[in-house]
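These notes concern the structure reproduced below.
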Amino acid sequence: MRRIGLAFGLLFLWAPISLMVFYAFSADRIPFQWGGWSLRWFAALAANERMREAALLSLRIAAGAATLSMLLGGLAGWALARFGPFRGRVLLGALAGAPLVLPEVVTGLSLLLLFVLAQGAVEAWLGWAPGRGAVTILLAHATIGLAYVTVVVQARLATVDPSLEEAAADLGAGPFTTFRTVTLPLIAPSLAAGWLLAFTLSLDDVVVASFVSGPAGTTLPMLVFSALKVGLTPEVNALAAIVLAVAALAVGGAGLILGRRANGAG
Amino acid sequence: MRRLLILLPPLAWLLLLVAAPLLILGLIAFAEAGPGVPPFIPPVAWAGGPAWQGSLESLGTLIADPYYLEAFLRSLLTAFVTAALCLLLAYPMALGIAGARPSWRLPLLLLVLLPFWTGFLPRLGAWIGLLRDGGWVNGVLCLAGIGPLRLLYSDLALYLGMVHAYLPFAVLPLATALLRRDTSLEEAAADLGAKPLTVFGSVTLPLSLPAAASAFLLVFIPAAGEFVIPELLGPPEAQLVGRVLWGEFFQNRDWPLAAALALALLLLLLPPILLFQRLGRRA
């Protein structure tokens, strides 16, 4: 019974995705219609200048946002896990958790209003203000990613015995050496996982990016979204197949590493 | 001193990019729409000392115009049905993962979570391709002698897309809870003569209720404000809050009304959010 339930759920999750990958190799102009094996849609995708530009912009924003998220979220997670009760702890926890539960439209609209007011203030002061685009999307995505990294790092540090760090300090290591030789190696996997999570979230976001972007910044998801509003094109289908393959490789690899580590430890 | 160096960067960032935007949002909900860039008159005038010039017009519109009330009710209903369907599908899946051989558990869990990583839009694209008029599903239905049916841009498509997108969120907390559970209680019940179904109903199910509530809320909260799935798969009349807010902002350029909608959505979701965090702390 439970096996049937699991099999049904997995089939429901995977059937549309698998069919989509399969039909990405179809020559037919109509998606999900078989017209013989072909790579023409991958070639068409590679030749599409707008798609290439948008993809490059998205990758750059995602990498920058993920890195900022990792640094800031690592600090926030550390403070929440290790500082004990301190003034502002509840505030930090609530603010760091907010992007996880806020509806995307609320996050997007509220950040846009901030950016517009900031632009107005800068313009009143300098007579000129930078436009919205890649930078505002990066700031927004870094804020959302920060929330996820904080959770991951805090959860990891909660399972690490603080006496390890205390022992290093007792043995004469300074705060920096303790961090570099004890804490950092222990939380490095969760920092990496947090970076990947923030990177993926940034690459996947349409709503927040649409709100905070200006005319200059069209990310890949924004482009795909406007294409999908009209319908599925074979090019978008091919793009989806590539995204899926990359995700499968990344998650499969991470799973192998984690699985091996778990087996090795056990 | 060192603590301050660690604490200050994330706290300053969050105050500036989470707290301040929400405060501004709350303020703009009381602004009056007007021509210009940005298209509203600030509710507080600063020239010559602060003076209140806000209005309750936007918030009043939300209550007075049944269009908005309907959008809220429809969003809550859609989120509720989505979360219930996800829970119904996720529970047997989580049981299946927890009951699998230990070496199979992690791969199975990854198989459930992987679709989440393959991107939200590609998966919606797959449903568009499958459900369109001359599409794959209609082809199968025709072979069976039914159809063709209008599947895309219907409530069916909306729920298929929603459940497909949010199902992994529901499986994760349930699977974690069921994997961690103490099976000796179930063994004791079985030893005392309880039939498998009785064991499930009187031991397994009650013990997993907090996790089930977490799973439900984890789907319900984001689903209530969802914009992309109703826009790409749902019927045009499915005007959920996310879509209405988007329309007021991008098409009508009524920023105060969009802010008022966001504020109302936030207040509406506050009880489930607080409940979710409470459940999380206990677990």
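Taken together, the values in this text are just the output of simple stated rules run on the coordinates, not laboratory data. Given the structure is predicted, the values throughout are model-derived calculations rather than measurements. Using ideal geometry, Cβ is built from the backbone for each residue, glycine included, and neighbour counts are taken over all protein chains shown.
If you average the sequence gap of Cα pairs under 8 Å that are 6 or more apart and divide by the length of chain B, what percent do you get for the contact order? Write out the running numbers ahead of the final one.
Values: 311 pairs, mean separation 73.8, N = 283.
About 26 percent, as a whole number.
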Give the residue from A:PRO234, A:VAL116, A:ILE187 lying farthest towards the positive end of the charge dipole for the stretch A:101-240; charges sit on Cβ (+1 for Lys and Arg, -1 for Asp and Glu) and the dipole is referred to the Cα centre. A:PRO234
Filter the trypsin sites (Lys or Arg not before Pro) in the stretch A:62-153 down to the DSSP loop ones having no more than 11 other Cβ atoms within 10 Å, then list what survives. A:ARG87
Simple spin-label estimate for B:ALA144/B:SER55, 7 Å along Cα→Cβ, in nm, reads 5.5 nm
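Are there chymotrypsin sites (Phe, Trp or Tyr not before Pro) in the stretch B:1-65 that DSSP puts in a loop and that have at most 13 other Cβ atoms within 10 Å, and which ones? It would help to have the intermediate numbers written out before the result.
Numbers: sites: B:TRP13, B:PHE30, B:PHE40, B:TRP46, B:TRP52; in loops: B:PHE30, B:TRP46.
Listed in order of number, the matching sites are B:TRP46.
Compute the FRET efficiency between B:LEU156 and A:ALA7 as 1/(1 + (r/R0)^6), taking r as their Cβ-Cβ distance and R0 = 22 Å, and round to the nearest 0.05.
Efficiency at R0 = 22 Å is approximately 0.45.
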Cα-projected label distance for B:SER184 with A:GLU123, points at 7 Å along beta-carbon direction, nm: 6.9 nm
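Just tell me how shielded B:107-114 is by partners: mean number of partner chain Cβ atoms within 10 Å of each residue's Cβ, no decimals.
Values: counts 4, 2, 1, 8, 7, 5, 3, 10.
Mean shielding count: 5.
How would you order A:191-199, A:145-153, B:158-166 from highest to lowest mean count of nearby Cβ atoms within 10 Å? All intermediate terms of the calculation are to be shown ahead of the outcome.
Values: A:191-199: 20.8, A:145-153: 26.1, B:158-166: 23.2.
Highest mean packing first, the order is A:145-153, B:158-166, A:191-199.
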On the formula 1/(1 + (r/R0)^6), with r taken between the Cβ atoms of B:ALA19 and A:PHE179 and R0 of 41 Å, the FRET efficiency rounded to 0.05 is 0.90
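At 222 nm, what helix-only mean residue ellipticity would chain A give, in deg cm²/dmol to the nearest 500, using -39500 (n - 2.57) for each DSSP H run of four or more? All intermediate terms of the calculation are to be shown ahead of the outcome.
Details: 12 runs with 209 residues, N = 266.
My calculation for chain A gives -26500 deg cm²/dmol from helical runs alone.
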Among A:11-24, A:157-170, the order from most to least packed when residues are scored by Cβ within 10 Å on average: A:11-24, A:157-170
Please state the Cα pair-distance histogram of the stretch B:139-281 with 5 angstrom bins from zero: what percent is in each bin? 2, 9, 12, 13, 13, 12, 11, 9, 9, 6, 3, 1, 1, 0
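How well do other chains shield peptide B:25-34, expressed as the mean number of their Cβ atoms within 10 Å of each residue Cβ? If you can, show how the numbers build up before the last one.
Working: counts 8, 1, 2, 5, 0, 0, 1, 0, 0, 0.
Mean inter-chain Cβ contacts per residue within 10 Å come to 2.
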Average partner chain C-beta neighbours within 10 Å, per residue of B:126-138? 6
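Estimate the FRET efficiency between A:TRP34 and A:ALA245 by the formula 1/(1 + (r/R0)^6), using the beta-carbon distance for r and 22 Å for R0, to the nearest 0.05.
Numbers: r = 20 Å, r/R0 = 0.91.
Efficiency for this residue pair is about 0.65.
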Using DSSP H assignments, which helices in chain A have an axial alpha-carbon span of 15 Å or above and a mean Kyte-Doolittle hydropathy of -1.0 or higher? A:2-23, A:49-82, A:89-101, A:104-126, A:134-159, A:184-204, A:220-230, A:234-265
Checking the stretch A:58-125 for chymotrypsin sites (Phe, Trp or Tyr not before Pro) in a loop per DSSP with at most 13 other beta-carbon atoms within 10 Å yields A:PHE86
Enter the angle in degrees (range 0 to 90, nearest 10) between the Cα long axis of helix B:102-117 and the first principal axis of the Cα atoms of chain B, meaning the one along which they spread out most. 30 degrees
Around A:ALA24, under 12 Å between beta carbons, what's the net of Lys plus Arg minus Asp minus Glu among the other residues? -1
Mind checking the alpha-carbon convex hull of the protein assembly as shown and giving the volume per residue in Å³? 191 Å³
With just the Cα atoms of chain A, tell me how far they stretch along each of the three principal axes, in Å, largest first. 70, 63, 35
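Arranged from highest to lowest average of other beta-carbon atoms within 10 Å per residue, in what order do the peptides A:242-250, B:21-29 appear?
Values: A:242-250: 16.2, B:21-29: 20.4.
The packing order, highest mean first, is B:21-29, A:242-250.
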